[in-house]
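The values are calculated or read from the model by the stated rules, or taken from the named source; none is laboratory data. For clarity, every value in this text was computed on a predicted model and none was experimentally measured. Neighbour counts are summed over all protein chains in view; Cβ atoms, including those assigned to glycine, are modelled from backbone coordinates with ideal geometry.
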Amino acid sequence: MLLLFQNHQIYGDDSDATAIKKNMRFKFVNQHRIRLRHLQSFADIAESGSMTASAKTLNTSQPALSRTISELEDTLKCRLFHRDSTGLSLTPSGRQLQAHVLAAFEHLETGLAGIGEDFQNQYVRCAALPSVSRGIFPKAVVRFKEEYPEVSIEIQDPGNPTFLDAIRRGELDFSVGRVSPPTRMEGLSFNHLYSEELMFVAHHTHPLANKKDLAIDELANHPMLLPHDGVVIREELDRFLIAHDQPLARNRIETMSFEFIRAILGQSDAVAFCPAGAIFREIKNGQISQLNVPGPSMMGAIGITTSALRRLSPPAKRLIQMIKEEAGVTD
């Protein structure tokens, strides 16, 4: 962690004060004279849990490091660490600060690593769920191409069952989609972005569209569009039906093509089970209606899957960061 900062000794000192004061965008940092060394020291101790170990890593003395942390705690007017015979552990305030510091360092390290680098002929290869491709993902890609116009992006559909192996082999940098079962996540890491609702929907002219006292068994009177067996959201549907003592619809079409779902809903009396992200525009403009099915909402987790063993390129890390920002996630 923080390898670039440590290798290149980017600490900052009081000689920067005059220049820093000219830029008052960071008012709290400037007024309270918080330096990079305060934040780097804090982040390293938070990870190691030991003042002695971090002093060795940062090539400084333990008293100097202790003094740096005391300065930061005095500035923030709170304790960042619990201190006992076993070492140091973060307080709630410390955990809150750690999330912001690590996000800032990740952003800065990605930017510094890319300065002066020639990204021509480089690629970011990823997979994106169709429902994500209608929402946050295009916004992030537009921003990314403004910053890295010379980097090409290859986008695949994570419906391919081999995409996790492709991430392990380094053929894909990451995927944006649903979390896979634990048995398939060996060597991979999943970073949660948000949860989206899974819902029953139909065309706005459907006889069930505006029915308020809809019984679940009424769904079986119509053709049902649902995900393939083995798909994560299909498992959610199966659990829902079991909980309500309902069989799987016999008159069904199994598909993960949301284009097909949107088309057939407008041409038939079918109902569909799908994620909100796949049909939110059609719901918003009134073409498709969410059915008033009783019971608690079903939710599906959306996140970013990466290799736990491979290092991402600066452009890939930057695109992931932009996706997180579009989702409103701060690490």
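Take the residues in region 268-287 that are among the aliphatic types (A, V, I, L, M) and over 28 Å from the mean Cα position of the chain (by Cα), then tell me which one is surrounded by the most Cβ atoms within 10 Å (Cβ to Cβ).
Only one residue fits best here, namely 271.
Does at least one position in region 49-62 carry a residue that is closer than 23 Å to residue 106 by Cα and within 28 Å of the chain's Cα centre (by Cα)?
Yes, because at least one residue in region 49-62 is closer than 23 Å to residue 106 by Cα and within 28 Å of the chain's Cα centre (by Cα).
Conditions (1) in a loop (DSSP other than H, G, I, E, B); (2) of a type outside the set (Phe, Trp, Tyr); (3) touching a residue at least 12 places away in the same chain (Cβ under 8 Å); (4) over 22 Å from residue 281 (Cβ atoms), marked per residue:
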position: 220; (1), (2), (3), (4): no, yes, yes, yes
position: 225; (1), (2), (3), (4): no, yes, yes, no
position: 230; (1), (2), (3), (4): yes, yes, no, yes
position: 233; (1), (2), (3), (4): no, yes, yes, no
position: 239; (1), (2), (3), (4): no, yes, no, yes
position: 249; (1), (2), (3), (4): yes, yes, yes, yes
position: 256; (1), (2), (3), (4): yes, yes, yes, no
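Could you list, in sequence order, the residues of region 297-331 that are crowded, with 18+ Cβ neighbours inside 10 Å, farther than 16 Å from residue 136 by Cβ and within 16 Å of the chain's Cα centre (by Cα)?
The answer is 306, 307, 316, 317.
Restricting attention to region 271-303, which residues are closer than 20 Å to residue 211 by Cβ and charged (D, E, K, R)?
Answer for region 271-303, where residues must be closer than 20 Å to residue 211 by Cβ and charged (D, E, K, R): just 282.
Among the residues that make up region 184-201, is at least one of them within 13 Å of residue 271 (Cα to Cα) and in a loop (DSSP other than H, G, I, E, B)?
No, every residue in region 184-201 fails to be within 13 Å of residue 271 (Cα to Cα) and in a loop (DSSP other than H, G, I, E, B).
Report, by residue number, each residue of region 48-74 that is touching a residue at least 24 places away in the same chain (Cβ under 8 Å) and touching a helix residue (DSSP H, G or I) at 6+ places or on another chain (Cβ under 8 Å).
51, 57, 58, 65, 68, 69, 71, 72
Looking at this structure, is residue 315 within 19 Å of residue 167 (Cβ to Cβ) and either part of a strand (DSSP E or B) or in contact (Cβ under 8 Å) with a residue 60 or more places away in the chain (or both)?
Yes.
Please verify whether residue 272 is free of Cβ contacts under 8 Å to residues at least 24 places away in the same chain, more than 30 Å from residue 143 (Cα to Cα) and not in a loop (DSSP other than H, G, I, E, B), treating the condition exactly as stated.
Judged against the criteria, residue 272 is not a match.
Between 49, 94, which is closer than 23 Å to residue 324 by Cβ, surrounded by 13 or more Cβ atoms within 10 Å (Cβ to Cβ) and touching a strand residue (DSSP E or B) at 6+ places or on another chain (Cβ under 9 Å)?
Exactly one residue qualifies, and that residue is 94.
Would region 193-213 turn up any residue that is at pLDDT below 90, acidic (Asp, Glu) and over 30 Å from the mean Cα position of the chain (by Cα)?
Yes - at least one qualifying residue is present in region 193-213.
Would you check which residues across region 202-218 are closer than 30 Å to residue 180 by Cβ and assigned to a helix (DSSP H, G or I) and list them?
216
Out of 275, 314, 296, I need the residue that is outside the structural domain of residue 186 (by TED's automatic domain parsing) and in contact with a Ser or Thr (Cβ under 8 Å, 6 or more places away or on another chain). Which one?
Exactly one of 275, 314, 296 is outside the structural domain of residue 186 (by TED's automatic domain parsing) and in contact with a Ser or Thr (Cβ under 8 Å, 6 or more places away or on another chain), namely 275.
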